[in-house]
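Asks: Handing you this structure, nothing more for now.
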Amino acid sequence: MFQFLEFWGHKISMFSVFIGLGILASAFFIFNQLKQMHVSAGRENQVMPAIPLTFVFGVAGGYVADVLFRGGIDALFSNPWKYGLTFYGWLIGGMFFLWFYSKLCSLQYDYLLNLFLPSFALAQALGRIGCFLGGCCYGRPTKIWGVSYPSGSVPYIHHGATPLVPVQLYESAYLFLVFIILSGLIRLKHRGAWYLILVPAGRFLLEFLRDDERGFFLSNLLSPSQWISLILGIAGIGWLRKIKSKERELCLKKTM
């Protein structure tokens, strides 16, 4: 397992490398979408500052969420440095910032979500490869299609050389597929809603294959990510129904 990138005597975790690649790819996609949409220079200047700031707030949200779910509120004040990032915290942090930014700059929140959310699937797909290489978010023991982690890694500490389900790669492949569907097959005004339906649906199911520490939220029946997946999925369905309802109303008005 290739956990670190080493050069000039320094080590950088592959998780950090792929998180960085994901953020860069996401930013490039958003910028490219603005160019393809031929938006005005004024609109482009409004949106561009939101790109880096969304990622900053996303990282902050991902960190805080991981601390809260795995360590509780006390961990924020006692020993918060041993925790990592959770994607749903990253997503919620980013979405919250986009809502705030939409109010600040008089932009439509729906417009920003439709523009940004598909790129999040791309960023997370690359990030999950980093998870696989770094040894976090690992899967359950399996007798088929398993991966053994090296000595010293977190999965090895818990399971030794037992082959584990490469759930990170399954999720990465699914997210790449979702990104292709959203960016290539779905109209811009529907992308945000479909993102909130497709990404949580895959995450909910793949969570059953994971065996790392998932934290606690509401109950042990489902993991925190599964509860959040349900909430986001319902929100996505509601948003899509609202869009379809407005489209039907406009269609009826045109036929009158």
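The values are calculated or read from the model by the stated rules, or taken from the named source; none is laboratory data. All values derive from a computational prediction rather than experimental measurement. Note that we place each Cβ from the backbone using ideal geometry, even for glycine, and neighbour counts take in every protein chain shown. Ligands, DNA and RNA are stripped out before the accessible areas are found, and what is left, the full protein with its side chains, is counted by its heavy atoms. Shrake-Rupley method; radii C 1.70, N 1.55, O 1.52, S 1.80 Å.
Asks: Inspect all residues belonging to segment 186-194 and state whether any of them is surrounded by fewer than 17 Cβ atoms within 10 Å (Cβ to Cβ), over 24 Å from I243 (Cα atoms) and out of contact with any helix residue (DSSP H, G or I) (no Cβ under 6 Å at 6 or more places or on another chain).
Replies: Checked against the condition, which is being surrounded by fewer than 17 Cβ atoms within 10 Å (Cβ to Cβ), over 24 Å from I243 (Cα atoms) and out of contact with any helix residue (DSSP H, G or I) (no Cβ under 6 Å at 6 or more places or on another chain), segment 186-194 yields no hits at all.
Asks: Confirm whether L112 is over 10 Å from the mean Cα position of the chain (by Cα), more than 30 Å from F4 (Cα to Cα) and open to solvent by less than 10 Å² (accessible area, probe 1.4 Å).
Replies: In short, yes.
Asks: Of all residues being of a type in the set (G, A, S) and within 20 Å of F55 (Cβ to Cβ) in segment 99-140, which is modelled with the lowest pLDDT? Just the residue, please. Quick ask: steps written out before the conclusion?
Replies: Initially, segment 99-140 is screened for residues of a type in the set (G, A, S), giving 102, 106, 119, 121, 123, 125, 127, 130, 134-135, 139.
Okay, now just the ones that are also within 20 Å of F55 (Cβ to Cβ), so 102, 119, 121, 123, 125, 127, 130, 134.
Working: S102: 96, S119: 95, A121: 96, A123: 94, A125: 96, G127: 93, G130: 91, G134: 86.
So, considering only residues that are of a type in the set (G, A, S) and within 20 Å of F55 (Cβ to Cβ), the one modelled with the lowest pLDDT is G134.
Asks: When you scan segment 124-131, do you find a residue that is touching a Lys or Arg at 6+ places or on another chain (Cβ under 9 Å), under 27 Å from M37 (Cα atoms) and open to solvent by less than 20 Å² (accessible area, probe 1.4 Å), even just one? So that I can check it myself, show each step before the final result.
Replies: Keep residues of segment 124-131 that are touching a Lys or Arg at 6+ places or on another chain (Cβ under 9 Å), which gives none.
No, there is no match, as no residue in segment 124-131 is touching a Lys or Arg at 6+ places or on another chain (Cβ under 9 Å), under 27 Å from M37 (Cα atoms) and open to solvent by less than 20 Å² (accessible area, probe 1.4 Å).
Asks: State all residues of segment 201-234 that are small (G, A, S) and surrounded by 16 or more Cβ atoms within 10 Å (Cβ to Cβ); if no residue qualifies, say none.
Replies: A201, G202, G215, S223, S225, S229, G233
Asks: Related question: Any residue that is crowded, with 16+ Cβ neighbours inside 10 Å, in contact with a helix residue (DSSP H, G or I) (Cβ under 7 Å, 6 or more places away or on another chain), in contact (Cβ under 8 Å) with a residue 60 or more places away in the chain and more than 16 Å from A123 (Cα to Cα) - is there at least one of those in segment 167-184?
Replies: no
Asks: Which pairs have Cβ atoms under 9 Å, sit 6 or more apart or on different chains, and link a residue in segment 218-240 that is part of a loop (DSSP other than H, G, I, E, B) to one that is open to solvent by 40 Å² or more (accessible area, probe 1.4 Å) and β-branched (V, I, T)?
Replies: Hits for this filter: zero, empty list.
Asks: Restricting to segment 5-51, name every residue that is exposed (fewer than 15 other Cβ atoms within 10 Å of the Cβ), within 24 Å of the chain's Cα centre (by Cα) and in a strand (DSSP E or B).
Replies: Passing the criteria: L5, I12.
Asks: Moving on to the next point. Any residue in segment 6-27 that's without any contact (Cβ under 8 Å) to a residue 12 or more places away in the chain: show its pairings with residues that are of a type in the set (A, V, I, L, M) and in a strand (DSSP E or B) at Cβ separation under 6 Å, as long as the two are six or more apart or on different chains.
Replies: I12/L5
Asks: Return the pairs, sorted by first residue and then second, in which the second residue is assigned to a loop (DSSP other than H, G, I, E, B) and open to solvent by 40 Å² or more (accessible area, probe 1.4 Å), the first residue lies in segment 90-115 and is within 13 Å of V47 (Cα to Cα), the beta carbons are less than 8 Å apart, and the residues are 6+ apart or on different chains.
Replies: S102/Q108
Asks: Sort out which residues of segment 148-200 are assigned to a helix (DSSP H, G or I) and of a type in the set (G, A, S), and write them in order of number. Show your work before the answer.
Replies: Filtering segment 148-200 for residues assigned to a helix (DSSP H, G or I) gives 154-159, 167-185, 188-200.
S172, A173, S183, G184, G192, A193, listed by residue number.
Asks: Do we have S13 as touching a Gly at 6+ places or on another chain (Cβ under 9 Å), at pLDDT below 85, over 30 Å from V147 (Cα atoms) and of a type in the set (S, T, N, Q) here?
Replies: no
Asks: Look through segment 54-87, keep the residues that are over 22 Å from R128 (Cα atoms), surrounded by fewer than 16 Cβ atoms within 10 Å (Cβ to Cβ) and not hydroxyl-bearing (S, T, Y), and return whichever of them is modelled with the highest pLDDT.
Replies: Let us first name the residues in segment 54-87 that are over 22 Å from R128 (Cα atoms), namely 71-80.
Then drop every residue that is not surrounded by fewer than 16 Cβ atoms within 10 Å (Cβ to Cβ), which leaves 72-74, 76-80.
Next cut, not hydroxyl-bearing (S, T, Y) only: 72-74, 76-77, 79-80.
Numbers: G72: 65, I73: 68, D74: 64, L76: 62, F77: 63, N79: 64, P80: 60.
For segment 54-87, the residue satisfying everything is I73.
Asks: In the set F57, F2, which member is touching a residue at least 12 places away in the same chain (Cβ under 8 Å) and either of a type in the set (S, T, Y) or outside any helix (DSSP H, G or I) (or both)?
Replies: On the way: F57 fails: either of a type in the set (S, T, Y) or outside any helix (DSSP H, G or I) (or both).
Residue meeting the stated conditions: F2.
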